[in-house]
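S.K.: Dropping the structure in here first, questions after.
Laboratory data are not the source of any read-out in this text; all were calculated from the coordinates shown. Just so you know, these numbers come straight off a predicted model, no measurement behind them. Using ideal geometry, Cβ is built from the backbone for each residue, glycine included, and neighbour counts are taken over all protein chains shown.
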Amino acid sequence: MTTDHGYPAVRMYIAGEWCQGATGRTAPIVNPATGETIGEVPLATTADLDRALDAAAEGFWTWRGTPIARRTEILHTAAGLLTERAAEVGRIMTLEQGKPLAEATGEARRVADTLRWHADDARRAYGRIIPSAPGTVLSVRREPVGPVAAFVPWNFPAGGPMRKISSALSAGCSIVLKASEETPATAMELVRCFADAGVPAGVLNLVFGEPAEVSAHLIASPVIRLVAFTGSVPVGKLLAAEAGKVMKPSLMELGGHAPVIVCADADPVTAARRAAQAKFVNAGQVCTSPSRFLVHESLAEEFTAEFVKAAEALVVGDGMAEGTTMGPLANERRLKSLERLTADAVARGAKVLTGGERLDRPGYFFAPTVLTDVPGDADLLHEEPFGPIAPIVPFTDLDEALRTANALPYGLAAYGFTDSAATAEKLATELEAGILSINHCGGSVHEAPSGGVKDSGYGREGGPEALDAYLVTKRVSHLLV
Ligand code: NAD
């Protein structure tokens with residue numbers, strides 16, 4: 001069933017059934033490109049959450065007892081269905097989140113591959129046999145941790161949910177996923193692929209609700225054995241504390257404020273083009289988005305000119321329209337936040353070279369923005385902007401740039417541009433970040449881990465490390481009688 005806007009009727013998925021909340025309570029879903037309400041998301045009650053918890057408790061034993069070859073086959077079938085449905089999933093994603101259709105469809109295709117990668121990797125989650133006393137077998141086994149409670153945001157409506165679902169299900173865990181109430185239909189369509197592929201009832205449950213109510217209830221439940229969250233640092237700290245109180249491990253993939261250091265020996269034009277491209281992807285709403293541009297003073301003018309050119313070449317519009325290269329912000333909160341950060345920087349003396357304001361049209365559009373002369377105490381240089389705004393700050397000495405880069409409590413992504421292998425190695429050693437890219441600003445890949453240090457969180461998603469949080473290690477010592 002779809003609404004007049006070509007948007008599906010959103011349902012939760014609990015114990016193998018598509019359902020609305022017990023009380024019929026809903027919240028509106030808004031197309032950020034038009035500001036129109038395109039649907040309603042059902043909000044779970046405590047009774048709905050309890051059904052999801054019971055289902056996940058039972059589903060866990062069903063799933064971990066399913067032979068791994070069969071589990072892998074089901075997950076590959078789900079990935080195949082998602083690949084087939086990618087165009088439709090992308091269309092729904094653009095309607096609810098705003099990103100250009102090609103990016104949305106690409107995301108749907110890419111996450112099908114994320115699932116394949118993790119499903120295959122879990123087949124090699126080996127334990128080990130340790131030499132021991134004669135007559136004794138000493139082994140180390142890796143077992144699924146148990147039912148997982150996962151919470152994901154709206155910026156990657158397919159990528160966020162899939163990172164959690166693919167790791168949990170590949171490891172043999174069941175999961176209760178609370179996806180974003182702002183982008184619920186993409187998550188629903190992902191879950192539909194798993195349901196259609198034959199994932200047994202209760203293994204994968206999808207709920208929506210009042211975020212704080214849902215997380216408090218799920219985290220406190222004795223059923224849940226791991227808390228996995230992607231989102232802002234303040235909410236991450238809150239959920240990690242709640243998990244800590246009931247002695248549950250957590251996986252925290254939080255925000256960042258990624259520095260880009262452009263060294264004196266780099267090519268400023270190439271650096272500006274590559275950095276600008278990464279800056280404006282998803283309208284800057286990416287946790288690893290480059291967001292503080294520290295450029296050697298000798299290159300600042302050339303770098304800035306090229307960066308402004310790239311910003312002005314973007315075609316900002318409805319993600320559904322052909323040729324759009326940057327969509328709207330996903331919600332009004334982001335717009336307000338960018339207006340506040342820009343006003344604060346300008347009040348302190350920053351210059352707006354391009355953009356700097358919301359666009360005069362319906363929806364949540366903010367112009368691609370480049371600022372210079374931003375003083376060190378501007379909020380923009382301390383607070384994660386999560387939007388299409390680029391402060392360019394010249395430096396004279398690399399050590400000073402490194403101190404600036406490392407001065408914030410964040411430590412997610414960092415970028416460097418240099419022609420010198422020795423300087424690249426210095427950046428790799430001294431930048432405090434979980435993800436470092438030199439001479440490019442590429443995104444994450446399934447094969448390698450992503451995650452932060454300091455306030456940006458702990459645990460890793462992607463690569464073989466992704467399974468670590470979802471598996472527990474058991475030592476078994478067997479005296480042969
Ligand atoms: P927010 O902090 O209100 O929410 C972030 C996410 O957490 C949302 O999906 C929200 O539904 C969820 N959330 C909020 N309170 C929760 C709770 N008590 N329990 C469970 N989930 C909860 O911020 P926002 O306005 O949605 O986004 C703004 C900021 O969030 C950005 O500036 C950015 O720092 C951060 N963010 C980070 C990522 C990321 O990928 N790390 C993604 C989206 C947003």
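S.K.: Using the basic label-point model (7 angstrom from Cα toward the beta carbon), what is the Val269 to Trp18 distance in nanometres?
M.R.: 5.3 nm
S.K.: Take the Cα gyration tensor of the stretch 401-451, multiply each eigenvalue by 5, square-root it, and list the three semi-axes largest first, rounded to whole angstrom.
M.R.: Ellipsoid half-lengths, sorted descending, are 18, 16, 8 Å.
S.K.: Could you size up the charge dipole of the stretch 124-213 around its Cα centre, putting +1 on the beta carbon of Lys and Arg and -1 on that of Asp and Glu, and report it in debye to the nearest 20?
M.R.: 620 debye
S.K.: By the scheme Lys and Arg +1, Asp and Glu -1, what is the net charge of all other residues having a beta-carbon under 15 Å from that of Val476?
M.R.: Charge balance near Val476 sits at +4.
S.K.: Stretch Thr62-Glu312 to full length: gain in nm at 0.36 nm per residue minus the Cα-Cα span?
M.R.: Once the chain is fully extended between Thr62 and Glu312, it gains 84.6 nm.
S.K.: Let me ask you something else. Pick out, from Ala378, Leu299, Ala187, the residue whose Cα sits farthest towards the positive end of the charge dipole of the chain, with +1 on the Cβ of Lys and Arg and -1 on the Cβ of Asp and Glu.
M.R.: Going by the Cα projections, it comes out as Ala187.
S.K.: Dimensions of the stretch 1-100 along principal axes (Cα, Å, largest first)?
M.R.: 47, 35, 20
S.K.: Could you give the C-alpha radius of gyration of the stretch 198-285 expressed as a fraction of 2.2 N^0.38 Å, taking N as the number of residues it contains?
M.R.: Values: Rg = 19.6 Å, N = 88, 2.2 N^0.38 = 12.1 Å.
In units of the globular-protein estimate, the stretch 198-285 measures up at 1.62.
S.K.: In addition: Say R0 is 41 Å: what FRET efficiency, to the nearest 0.05, do Val481 and His76 get from their beta-carbon distance? Walk me through the numbers on the way to the answer.
M.R.: Details: r = 42 Å, r/R0 = 1.03.
Once the sixth-power term is evaluated, E becomes 0.45.
S.K.: For Thr354 and Glu322, calculate 0.36 nm times their separation in residues minus their Cα-Cα distance, and state this gained length in nm to one decimal.
M.R.: Difference between extended and current length: 9.1 nm.
S.K.: Could I ask something else about it? Taking each pair of different alpha-carbon atoms in the stretch 170-234 once, compute 1/r for the pair, average those values, and report the inverse of that mean as the Kirkwood hydrodynamic radius in Å to one decimal.
M.R.: 13.1 Å
S.K.: Return Ser444, Ser232 ranked ascending by Cβ neighbour count within 10 Å, so the fewest neighbours appear first.
M.R.: By the 10 Å Cβ count, ascending: Ser232, Ser444.
S.K.: Return the Rg/Rh value of the chain, two decimal places, where both radii are evaluated on C-alpha atoms and Rh is the Kirkwood radius.
M.R.: 0.99
S.K.: For a quick check of your reading of the filter: which GluC sites (Glu not before Pro) in the stretch 421-481 sit in a DSSP loop and have no more than 14 other Cβ atoms within 10 Å?
M.R.: Values: sites: Glu425, Glu430, Glu432, Glu447, Glu461, Glu465; in loops: Glu432, Glu447.
Those satisfying the criteria are Glu447.
S.K.: Magnitude of the Cβ-charge dipole of the stretch 95-139, K/R +1 and D/E -1, about the Cα centre, nearest 20 debye?
M.R.: Here the stretch 95-139 has a charge dipole of around 240 debye.
S.K.: Return the lysines within reach of Lys237: Cα separation strictly under 19 angstrom, same-chain partners fewer than 8 residues apart disregarded; answer none if there are no such residues.
M.R.: Cα-Cα hits under 19 Å: Lys164, Lys178, Lys245, Lys248, Lys454.
S.K.: Whole-Hz ³J(HN,Hα) for each residue in the stretch 332-339, computed from phi via Karplus 6.51 cos²θ - 1.76 cosθ + 1.60 with θ = phi - 60°, x for glycine and proline: what do you get?
M.R.: Taking θ as phi minus 60°, the curve returns 5, 4, 5, 4, 4, 5, 5, 4 Hz for the stretch 332-339.
S.K.: Now for a different question. Over the chain, what is the percentage of antiparallel beta bridges among all DSSP beta bridges, to the nearest 5?
M.R.: About 45 percent, rounded to the nearest 5.
S.K.: May I ask for the longest run of the chain untouched by trypsin sites (Lys or Arg not before Pro) that are loop-located per DSSP and have at most 16 neighbouring C-beta atoms (other than their own) within 10 Å? Don't skip to the answer; put the middle values down first.
M.R.: Working: sites that count: Arg25, Arg123, Arg124, Arg348.
Free of exposed loop sites, the longest segment is 125-347.
S.K.: Hey, fewest Cβ within 10 Å first, where do Trp117, Trp18, Trp154 land in order? Mind dumping the intermediate values first?
M.R.: Working: Trp117 20, Trp18 15, Trp154 23.
Ordered from fewest to most neighbouring Cβ atoms within 10 Å, Trp117, Trp18, Trp154 come out as Trp18, Trp117, Trp154.
S.K.: So which GluC sites (Glu not before Pro) in the stretch 203-301 end up in coil per DSSP with only 13 or fewer other C-beta atoms within 10 Å?
M.R.: For GluC sites (Glu not before Pro) across the stretch 203-301 that sit outside H, G, I, E and B with at most 13 neighbouring Cβ atoms in 10 Å, the list reads Glu297.
S.K.: Which value in Å is the Kirkwood Rh of the stretch 250-389 over different Cα pairs? Spell out each step's value before the answer.
M.R.: Values: mean 1/r = 0.0650 Å⁻¹.
It works out to 15.4 Å.
S.K.: Give the dimensionless ratio obtained when the Cα radius of gyration of the stretch 25-158 is divided by 2.2 N^0.38 Å. Mind dumping the intermediate values first?
M.R.: On the way: Rg = 20.5 Å, N = 134, 2.2 N^0.38 = 14.1 Å.
Compactness ratio reported: 1.45.
S.K.: First measure r as the distance between the Cβ atoms of Val140 and Met247, then evaluate 1/(1 + (r/R0)^6) with R0 = 25 Å and state the FRET efficiency to the nearest 0.05. Write out the running numbers ahead of the final one.
M.R.: Values: r = 22 Å, r/R0 = 0.90.
Approximately 0.65, to the nearest 0.05.
S.K.: If N is the number of residues in the stretch 314-462, what value comes out of its Cα radius of gyration divided by 2.2 N^0.38 Å?
M.R.: Numbers: Rg = 17.1 Å, N = 149, 2.2 N^0.38 = 14.7 Å.
Normalised by 2.2 N^0.38 Å, the Cα Rg of the stretch 314-462 equals 1.16.
S.K.: Next up: When Ser139, Ser170, Ser250 are ordered from fewest to most other Cβ atoms inside 10 Å of their Cβ, what list results?
M.R.: Lowest to highest Cβ neighbour count: Ser139, Ser250, Ser170.
S.K.: Given Cα pairs under 8 Å that are at least 6 residues apart, what percent is the relative contact order of the stretch 225-288?
M.R.: Values: 52 pairs, mean separation 20.5, N = 64.
Over the stretch 225-288, the number comes to 32 percent.
S.K.: Between Glu301 and Asn439, what's the calculated FRET efficiency when r is the beta-carbon distance and R0 is 25 Å? Round to 0.05.
M.R.: It comes to 0.75.
S.K.: Starting at 0 and stepping by 5 Å, how many percent of the alpha carbon pairs of the stretch 285-355 end up in each bin?
M.R.: 3, 12, 15, 24, 25, 13, 6, 2, 0
S.K.: Cα convex hull of the stretch 95-196: mean projected area in nm², to one decimal?
M.R.: Projected area, direction-averaged: 8.0 nm².
S.K.: Report the charge-dipole magnitude of the chain in Debye, nearest 20, computed about the Cα centre from +1 at each Lys and Arg Cβ and -1 at each Asp and Glu Cβ.
M.R.: The calculation lands at about 1780 debye.
S.K.: Any idea what % of Cα-Cα pairs in the stretch 92-154 are farther than 15 Å? Walk me through the numbers before you get to the answer.
M.R.: Details: 1432 of 1953 pairs.
Counting every Cα pair in the stretch 92-154, those more than 15 Å apart make up 73 percent.
S.K.: Loop only by DSSP, 16 or fewer other Cβ within 10 Å of the Cβ. Give me the GluC sites (Glu not before Pro) in the stretch 1-102 that pass, ordered by residue number.
M.R.: On the way: sites: Glu17, Glu36, Glu40, Glu58, Glu73, Glu84, Glu88, Glu96; in loops: Glu36.
For GluC sites (Glu not before Pro) across the stretch 1-102 that sit outside H, G, I, E and B with at most 16 neighbouring Cβ atoms in 10 Å, the list reads Glu36.
S.K.: Between Ile130 and Glu84, with labels modelled 7 Å along Cα→Cβ, what's the label distance in nm to one decimal, could you check?
M.R.: Calculated label separation equals 4.8 nm.
S.K.: Next question. Tell me which of Met12, Leu115, Ile175 sits at the most positive position along the dipole axis of the chain, charges placed on C-beta atoms (Lys, Arg +1; Asp, Glu -1).
M.R.: Ile175
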